[in-house]
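Down below is the structure, laid out as structure tokens.
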Amino acid sequence: MTETSALLAVHPAKVTRHPVDRRRALQPVRAFFKHVVLILGALIMLYPVLWMVVSSLRPSDQIFGDPTLVLKTFDIKNYVNGWTALTQPYGYYLINSMLVVLGAIVGNLVACSLAAYAFARLNFRGKRWWFGIMLVTIMVPIHVIIVPQYIMFSQLGWVNTFWPLILPKLLATDAFFVFLMVQFMRGIPRELDEAARIDGAGHLRIFLQIILPLMVPALGTTTIFTFIWTWNDFFSQLIYLTDPDKYTSSLALRSFVDSQGSTDWGAVFAMSVVSLLPVFLVFLFGQRFLLRGIATTGGK
């Protein structure tokens, strides 16, 4: 008989479980309740979206009378009616949104990356002051600058075109993305630049062949955020686009709501689901770039 067995036989009541063992035994229970709470919170946050999807498959007269997620009838008539309810098929407005989004993405990727390279790698007079001014612009709301911008674009004759929604992106006006890329570039070793400079490379070649290939996570994060923010933008598009043929999906959804007559809410919910689908797909397939971009820039 071992010493431990003898001790248990003589003093069985004095043997107690160590506190560390208790915590280890309770870990599965804590993890279970933690997951239950997280799942319930996720369901609460997703309920409006799920209800919208279910309501898009219900007849319009039953939508607001049933707050549950139980689908008793499956009817795609709302999608058919919503797709053809306006002067143009709804796909026409989705194409308009895609044109604006693609222009904004290209503008932010090109302009913000070039501006970030200047702040991260070049030395020029007043660099810190200009960088501080750039950061201050993040706190300026769009409602402050929308009036002078509208006057300027109106004098240029660009109102009711896509240029007011795209051109500012080509001028690196989204300071958040400039800051994001600057933080990422600061984590790239300068020895790579010096080695390329010894081989005779200039700033443009260093930027294109060395910096950009290493910035894929930051560029992916910029692309995803630009897509989501531009696709869901309503205020700027409402200000500059007045011709129904120039409407984006956000403005087209607003056209379904009739303030003087009846509104076909089934068609509204159906086209809302269609408009939400591209955002969901972009976030789903680009999530890994988003996580890598945020994780590799937040701590630098």
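Yes or no: segment 206-221 includes at least one residue that is among the β-branched types (Val, Ile, Thr) and under 30 Å from residue 254 (Cα atoms). Lay out the reasoning, then the answer.
Taking segment 206-221 first, the residues among the β-branched types (Val, Ile, Thr) are 206, 210-211, 216, 221.
Imposing the further condition that a residue be under 30 Å from residue 254 (Cα atoms) reduces the set to 221.
Scanning segment 206-221, I find at least one residue that is among the β-branched types (Val, Ile, Thr) and under 30 Å from residue 254 (Cα atoms), so the answer is yes.
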Looking only at segment 113-133, decide whether some residue is in a helix (DSSP H, G or I), out of contact with any His (no Cβ under 9 Å at 6 or more places or on another chain) and within 20 Å of residue 164 (Cβ to Cβ). no
For segment 164-193, enumerate the residues that are out of contact with any helix residue (DSSP H, G or I) (no Cβ under 7 Å at 6 or more places or on another chain) and either assigned to a helix (DSSP H, G or I) or not assigned by TED's automatic domain parsing to the domain that holds residue 118 (or both). 167, 168, 183, 190, 191
Of all residues in segment 83-92, which are assigned to a loop (DSSP other than H, G, I, E, B) and free of Cβ contacts under 8 Å to residues at least 40 places away in the same chain? 84, 89
Quick one: which of 208, 291 is modelled with pLDDT under 90, part of a helix (DSSP H, G or I) and more than 30 Å from residue 81 (Cβ to Cβ)? 291
Contact list please: Cβ distance under 6 Å, first residue in segment 65-82 and loosely packed, with under 10 Cβ neighbours inside 10 Å, second residue outside any helix (DSSP H, G or I), pairs at least six apart or on different chains. 74/57
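One residue is enough: does segment 246-264 have a residue meeting the conditions buried (at least 16 other Cβ atoms within 10 Å of the Cβ) and more than 30 Å from residue 146 (Cα to Cα)?
Looking for residues that are buried (at least 16 other Cβ atoms within 10 Å of the Cβ) and more than 30 Å from residue 146 (Cα to Cα), one finds at least one in segment 246-264, hence yes.
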Among the residues of segment 110-130, is there at least one that is within 25 Å of the chain's Cα centre (by Cα) and over 26 Å from residue 196 (Cβ atoms)? no
Pairs needed: first member in segment 136-163, loosely packed, with under 13 Cβ neighbours inside 10 Å; second member anywhere, of a type in the set (Ser, Thr, Tyr); C-beta distance under 8 Å; at least 6 residues apart or different chains. 142/236
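Which residue out of 229, 163 is closer than 20 Å to residue 283 by Cβ and of a type outside the set (Val, Ile, Thr)?
None of the others qualify; the one that does is 229.
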Scan segment 90-124 for residues that are out of contact with any helix residue (DSSP H, G or I) (no Cβ under 6 Å at 6 or more places or on another chain) and either farther than 20 Å from residue 185 by Cα or not assigned by TED's automatic domain parsing to the domain that holds residue 179 (or both) and report the count. 7
Looking at this structure, is residue 259 hydroxyl-bearing (Ser, Thr, Tyr), part of a helix (DSSP H, G or I) and either at pLDDT below 90 or under 19 Å from residue 89 (Cβ atoms) (or both)? no
Across segment 194-205, what is the number of residues that are in a helix (DSSP H, G or I) and not hydrophobic (A, V, I, L, M, F, W, C)? 4
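Could you say whether any residue in segment 19-29 is over 28 Å from the mean Cα position of the chain (by Cα), more than 30 Å from residue 134 (Cα to Cα) and not in a helix (DSSP H, G or I)?
Residues of segment 19-29 over 28 Å from the mean Cα position of the chain (by Cα): 19-29.
Then keep just the ones that are more than 30 Å from residue 134 (Cα to Cα); that gives 19-29.
Keeping just the survivors that are not in a helix (DSSP H, G or I) gives none.
No, because not a single residue in segment 19-29 is over 28 Å from the mean Cα position of the chain (by Cα), more than 30 Å from residue 134 (Cα to Cα) and not in a helix (DSSP H, G or I).
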Restricting attention to segment 84-122, and to residues there that are among the polar types (S, T, N, Q) and closer than 13 Å to residue 174 by Cβ, which single residue is surrounded by the most Cβ atoms within 10 Å (Cβ to Cβ)? 108
State yes or no: is residue 153 in contact with a Phe, Trp or Tyr (Cβ under 8 Å, 6 or more places away or on another chain) and closer than 22 Å to residue 109 by Cβ? no
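The values are calculated or read from the model by the stated rules, or taken from the named source; none is laboratory data. Please read all numbers here as calculations on a predicted model, not as lab measurements. Cβ atoms come from the backbone with ideal geometry, glycine included; neighbour counts cover every protein chain shown.
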